[in-house]
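Everything on this sheet refers to the single structure shown next.
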Amino acid sequence: MRIKNSDQFDDVVNSVFAALLEAFPRTITLRPEVVGVSGSAELSQENVGFSGNARPKLTAEETFFSASVSWLIGEGLITGSGGTNATFIGVVLTGKGLLAVNATPHCLQPNLHI
């Protein structure tokens with residue numbers, strides 16, 4: 001059986017990993033724009049938060065981006081926090097993430113003899 005959104009997931013994850021590899025080891029803020037999704041969320045009175053402020057209503061693409069990044073965090077491939085309005089802060093690849101993209105720096109390779 002095939003995952004219905006696997007191509008879209010691959011596109012999001014590849015774009016996220018590319019941005020994180022470029023910045024490594026610095027943390028970055030991830031927004032949907034990283035994967036080519038414009039920030040077109042609209043404020044809506046239907047989406048009023050606990051503070052009483054209107055929150056943006058996310059597009060389907062922004063919601064998918066947010067779910068994909070949240071999954072990567074949950075699996076331990078990246079670290080970061082947020083998710084509010086599809087924005088994640090302090091995001092960086094973990095050792096597990098570096099291994100997944102075959103980009104582990106030589107100094108972190110197992111059995112390294114210094």
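The values are calculated or read from the model by the stated rules, or taken from the named source; none is laboratory data. Just so we're clear, the structure is a prediction, and the values are computed from it rather than from any experiment. FYI the Cβ positions are ideal-geometry reconstructions off the backbone, even for glycines, and counts take in every protein chain you see.
Values as computed for the structure displayed
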{"item": "Looking only at the range 62-81, and only at residues there that are in contact (Cβ under 8 Å) with a residue 12 or more places away in the chain and part of a strand (DSSP E or B), the one that is nearest to T29 (Cα to Cα)", "result": "G80"}
{"item": "Selection within the range 73-99 - aliphatic (A, V, I, L, M), under 11 Å from the mean Cα position of the chain (by Cα) and modelled with pLDDT under 95", "result": "A86"}
{"item": "Hits in the range 65-114 - residues which are surrounded by 12 or more Cβ atoms within 10 Å (Cβ to Cβ) and among the polar types (S, T, N, Q)", "result": "S66, S68, S70, T79, T84, N85, T87, T94, T104"}
{"item": "Search result, residues across the range 82-99 that are more than 16 Å from D11 (Cβ to Cβ) and either aliphatic (A, V, I, L, M) or in a helix (DSSP H, G or I) (or both)", "result": "T84, N85, I89, V91, V92, L93, G95, K96, G97, L98, L99"}
{"item": "Of residues in the range 1-38 being out of contact with any Ser or Thr (no Cβ under 9 Å at 6 or more places or on another chain), small (G, A, S) and over 23 Å from L108 (Cβ atoms), the one modelled with the lowest pLDDT", "result": "S6"}
{"item": "Failed item in (1) modelled with pLDDT of 80 or more; (2) in contact with a helix residue (DSSP H, G or I) (Cβ under 7 Å, 6 or more places away or on another chain); (3) not in a helix (DSSP H, G or I), with N102 passing the rest", "result": "(2)"}
{"item": "Residues of the range 1-29 that turn out to be outside any helix (DSSP H, G or I), in contact (Cβ under 8 Å) with a residue 24 or more places away in the chain and of a type in the set (A, V, I, L, M, F, W, C), as a count", "result": "2"}
